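The values are calculated or read from the model by the stated rules, or taken from the named source; none is laboratory data. Model, not experiment: these values are computed from the prediction. Glycine also receives a Cβ, built like all others from the backbone with ideal geometry; neighbour counts cover every protein chain displayed.
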Amino acid sequence: MKYPLHSIGDYLEESKVEALAPSAQRRIKVRLNAEGVEKRPVKTETEGATKYFARRSRQFIYGKQNLHKGAFGIVPDELDGFESSSDLPAFDVSDEIRPEWIDLYLKQGNFYKSLISLAQGAATKRIQPKALFKLKIPVPPLEEQDRVIKKMEGVSLINFSLEKEISNQKSLLAKLKQAILQEAIQGKLTADWRAANRDTEPASKLLERIKEEKARLIAEKKIKKEKPLPEITPEETPFAIPEGWEWCRLGRLTNEITKGSSPKWQGIKYVSRGEGILFVTSKNVGSGELLFEKTTFLEEKFNEIQPRSILKKNDILTNLVGASIARTALFDLDFIANINQAVALIRIAEGFINKRLLVLYMNSNHGVEYLLDSRFSPGRANVSLTDVSNMIVPIPPLAEQQAIVERVDALMETCRKLEDEIEQSSNHAADLLQAVLKEAFASAS
């Protein structure tokens, strides 16, 4: 049965009851993507700088700046008496309509995304209550509203169970990936390979050749002589390695370890995408992959000022600061690029070490933990280039390095297929919820 449309403002009255004793401990926030209302983490506030209003359970509340991104919900009982600013207005709801009906209506078909058309303002666009009040909504009798709400509660419970299982599967898959890396770096993935290739040259011979090559390059003044690296103590090695492998400092393998600089220190301007040079920052360095959803470009003269950090294909990059510390990836692109001060460049001569194997190790739990532990020395909150150089890594024979990478690739491809299946399950769960919502509101509007 079709029901007439009414302005949502006919059923909402904005609540403007000021909080008598505002407290940073009693703030609420509205999550994006229609995920409801929750307690806001405590933040440092300037006393009296913002006016706060008391919110009551079962009030409808939304975020003026992000309503079209799903920032709306119903104040739950446990947050009764909590507070928000006028940027999160709350409304008493008429007895003729259930708050849940409004909530479900905005969710169905992700209808809330269309509300961007209601936003107004110059610098920051907001959806004011007056604009929201003009929104038309079908209002069936309370009995029909309750029937739909009850049905959706049942579906939501099923959906919650599905999402919980999907989350569990994602967690297990992440653990599986780390287990694969651990088996790889300890030589367990290639135990049968070693049994079939007993005459393989040991890694100690490989390290000798690297030492000779570095000495030659130093003599020819192509690379700089480094300070002696500390000897590796037995206490530093986190696990046993197979016969024929060697532990060594990362700096022993490298021709150069350096980092970039900030363009603002040299007055370098940012330019449009596709112009100038690619500027790689920590946000572009993921765990085992480059992330270029967001890219930055600089004037080409930055390379003239910072030639030491111009990237070459197959350089290894690792993050030195912030939440992404220790994320490591191979720069396998042909772009002309440079890096900022938050990213370390690790350059290794071709033909001696499989660089992808080093990236695997540095992204393993052991590799990440080593760099994370190093940043907590007194007075520092970041990883230094010395920390990177001193990192200890297990080195297999060269031929076995390739065998390890090939086996990891095959196993990770299986993981990717599992990820696709999990993502499909997640999409199906969301589609189920939307299908039931669509059915419910199709008969009401």
Residue check for residue 229: in the same structural domain as residue 391 (by TED's automatic domain parsing) and either assigned to a helix (DSSP H, G or I) or free of Cβ contacts under 8 Å to residues at least 12 places away in the same chain (or both): no
Residue pairs meeting the criteria (Cβ under 7 Å; at least 6 apart or on separate chains; first at pLDDT 85 or above, in the stretch 361-378; second loosely packed, with under 13 Cβ neighbours inside 10 Å and basic (Lys, Arg)): none
Qualifying residues in the stretch 92-145 (those that are among the aromatic types (Phe, Trp, Tyr) and in contact with a Ser or Thr (Cβ under 9 Å, 6 or more places away or on another chain)) - the one nearest to residue 10 (Cα to Cα): 133
Single residue of the stretch 28-44 satisfying the filter (among the β-branched types (Val, Ile, Thr) and either closer than 20 Å to residue 113 by Cβ or surrounded by 15 or more Cβ atoms within 10 Å (Cβ to Cβ) (or both)) that is farthest from the chain's Cα centre (by Cα): 28
Unique residue being exposed (fewer than 13 other Cβ atoms within 10 Å of the Cβ) and either in the same structural domain as residue 186 (by TED's automatic domain parsing) or modelled with pLDDT of 95 or more (or both) when the list is 409, 334: 409
Residue in the stretch 175-184 that is modelled with pLDDT of 90 or more and small (Gly, Ala, Ser) present: yes
Subset tally (residues that are under 22 Å from the mean Cα position of the chain (by Cα), surrounded by 14 or more Cβ atoms within 10 Å (Cβ to Cβ) and under 22 Å from residue 368 (Cβ atoms)) for the stretch 293-331: 14
Residue match in the stretch 98-108 (condition: in a loop (DSSP other than H, G, I, E, B) and at pLDDT 90 or above): yes
Evaluation of residue 81 against (1) touching a strand residue (DSSP E or B) at 6+ places or on another chain (Cβ under 8 Å); (2) farther than 24 Å from residue 27 by Cα (one fails), failing number: (2)
Which listed residue, of 100, 14, 83, 35, is closer than 23 Å to residue 137 by Cβ, in contact with a Phe, Trp or Tyr (Cβ under 6 Å, 6 or more places away or on another chain) and either hydrophobic (A, V, I, L, M, F, W, C) or not assigned by TED's automatic domain parsing to the domain that holds residue 153 (or both): 14
When residues of the stretch 112-145 are limited to those that are in contact with a strand residue (DSSP E or B) (Cβ under 8 Å, 6 or more places away or on another chain), in a helix (DSSP H, G or I) and not hydroxyl-bearing (Ser, Thr, Tyr), the one surrounded by the most Cβ atoms within 10 Å (Cβ to Cβ): 132
